[in-house]
Structure formats: C-alpha cells, structure tokens
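Take a look at the structure set out below.
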Amino acid sequence: MNNYRQSGGGGFPHIATAPVVYNAQVAIREAIVEYASEAGTIDPATFHVDNWKLVREGTPVF
C-alpha cells in the first residue's frame, strides 16, 4: 500500500487507523525498478500473486 492510501486518501479513511504490519520505507516505483533490474524482465503471467486483499470487517473492499 502506498503512503497516500496509508494516510486515508482516496476514500479509505479507515486505513489510516489500521495497524502497520510492515513498513519498508521504499517507494513502490523503486521496489519495482529493483525487482526488474534483478529479474531482467517482468512477465505479468508470473509476476502477480493474489496473496492479500483489503477488507473491512472481513468483507473485501473491492
């Protein structure tokens, strides 16, 4: 999640008060650049992993 959403931006104010589980302090774009540089390429078929979701009271937000 980016810092805009973390601060409650974009209509998700409840996220601003949620507990922080992990905070790497790395910009998303920098993380993607580092990943692509190490991997050499990004294959969308293998890059995406559906292993998390945003929920409100147990119900997915989207």
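The values are calculated or read from the model by the stated rules, or taken from the named source; none is laboratory data. The structure presented is a predicted model; accordingly, all values stated were derived computationally and were not measured. Cβ: placed from backbone, ideal geometry, glycine included. Neighbour counts: every protein chain shown. Please note that ligands, DNA and RNA were not included when accessible areas were found on the heavy atoms of the full protein model with its side chains. Shrake-Rupley method; radii C 1.70, N 1.55, O 1.52, S 1.80 Å.
Taking segment 19-58, which residues are surrounded by 10 or more Cβ atoms within 10 Å (Cβ to Cβ), more than 21 Å from residue 3 (Cα to Cα) and either among the aliphatic types (A, V, I, L, M) or touching a residue at least 60 places away in the same chain (Cβ under 8 Å) (or both)?
Of everything in segment 19-58, those that are surrounded by 10 or more Cβ atoms within 10 Å (Cβ to Cβ), more than 21 Å from residue 3 (Cα to Cα) and either among the aliphatic types (A, V, I, L, M) or touching a residue at least 60 places away in the same chain (Cβ under 8 Å) (or both) turn out to be 36, 39, 42.
So for segment 23-32 (the condition being among the hydrophobic types (A, V, I, L, M, F, W, C) and more than 15 Å from the chain's Cα centre (by Cα)), does at least one residue qualify?
Looking through segment 23-32, none of the residues is among the hydrophobic types (A, V, I, L, M, F, W, C) and more than 15 Å from the chain's Cα centre (by Cα).
Taking segment 1-49, which residues are among the acidic types (Asp, Glu) and either closer than 16 Å to residue 61 by Cα or outside any loop (DSSP other than H, G, I, E, B) (or both)?
30, 34, 38
What about residue 61, is it at pLDDT 80 or above and either open to solvent by 70 Å² or more (accessible area, probe 1.4 Å) or on the phi > 0 side of the Ramachandran plot (or both)?
no
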